[in-house]
1. Assuming R0 = 41 Å, what is the FRET efficiency of E134 and A78, from their Cβ-Cβ distance, to the nearest 0.05?
2. Can you list residues whose amide H is under 5 Å from G48's amide H, if they're 5+ apart or on another chain and H is modeled 1.01 Å from N?
3. Just how large is the dipole of segment 3-145 about the Cα centre, in debye to the nearest 20, putting +1 at every Lys and Arg Cβ and -1 at every Asp and Glu Cβ?
4. Picking from Y16, V116, G29, whose Cα lies most toward the positive end of the charge dipole for segment 16-146 (charges on Cβ: Lys, Arg +1; Asp, Glu -1)?
5. How large is ³J(HN,Hα), in whole Hz, for each residue of segment 23-33 in order, when computed from phi with the Karplus curve 6.51 cos²θ - 1.76 cosθ + 1.60 and θ = phi - 60°, using x for Gly and Pro?
6. In whole Hz, with x marking every Gly and Pro, tabulate ³J(HN,Hα) for segment 128-142 from phi via Karplus 6.51 cos²θ - 1.76 cosθ + 1.60, θ = phi - 60°.
7. Would you mind working out the magnitude of the charge dipole of segment 83-146 relative to its Cα centre, with +1 at each Lys and Arg C-beta and -1 at each Asp and Glu C-beta, to the nearest 20 Debye?
8. Sorted by packing (mean other beta-carbon atoms within 10 Å per residue), highest first, where do 119-125, 87-93 land?
Amino acid sequence: MALEIERKYLVKDDSYKALAEKKYRIRQGYLQRIPERTVRVRTKDNRGFLTVKGKNEGIVREEFEYEIPYTDAVSMLALCEGTIIDKTRYIIAYNGLTWEVDEFHGSLSPLTVAEVELPADDYVAEIPEFIGQEVTGDPKYYNSMM
């Protein structure tokens with residue numbers, strides 16, 4: 001079993017771009033999105049992924065991610081319910097942790113959200129300057145609800 005321990009924040013400025021080590025273009029959609037589980041398909045540049053996530057228990061939930069053929073992922077996106085999310089993800093190493101900043105495009109623009117995966121649910125992370133209000137646990141900012 002894989003666990004995801006994550007906090008999510010709004011981003012207050014674009015200073016994260018100068019700190020980014022990498023960036024990816026991501027398109028993703030949901031084959032299932034109910035509180036008990038989500039099933040997501042994603043393309044990240046020219047790679048495909050299928051991800052199953054369990055229900056949140058605080059900031060912890062089960063997560064299983066598998067690489068799939070890119071062409072399969074593109075075909076599966078057509079089967080998804082609701083909006084197909086289009087975003088650019090910036091990867092930032094900061095004080096021993098990896099921050100992922102998602103800059104949303106299309107109808108979700110100008111929303112920009114940062115996530116950080118933590119080694120334990122009681123871990124206190126040092127917060128970079130570009131980070132704003134914490135929105136962990138607010139369903140409005142779940143990708144599956146957008």
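1. 0.75
2. I68, Y70
3. Result for segment 3-145 is approximately 580 debye, rounded to the nearest 20.
4. The residue sitting farthest along the positive end of the dipole is G29.
5. 8, 9, 9, 10, 10, 8, x, 10, 7, 8, 8
6. x, 4, 6, 7, x, 5, 6, 10, 3, x, 8, x, 4, 9, 6
7. It works out to roughly 280 debye.
8. 87-93, 119-125
We did not get these values from a lab; they are worked out from the coordinates using the rules stated. The structure presented is a predicted model; accordingly, all values stated were derived computationally and were not measured. Because the Cβ atoms are built from the backbone with ideal geometry, glycine has one as well, and the counts that use them run over all protein chains shown.
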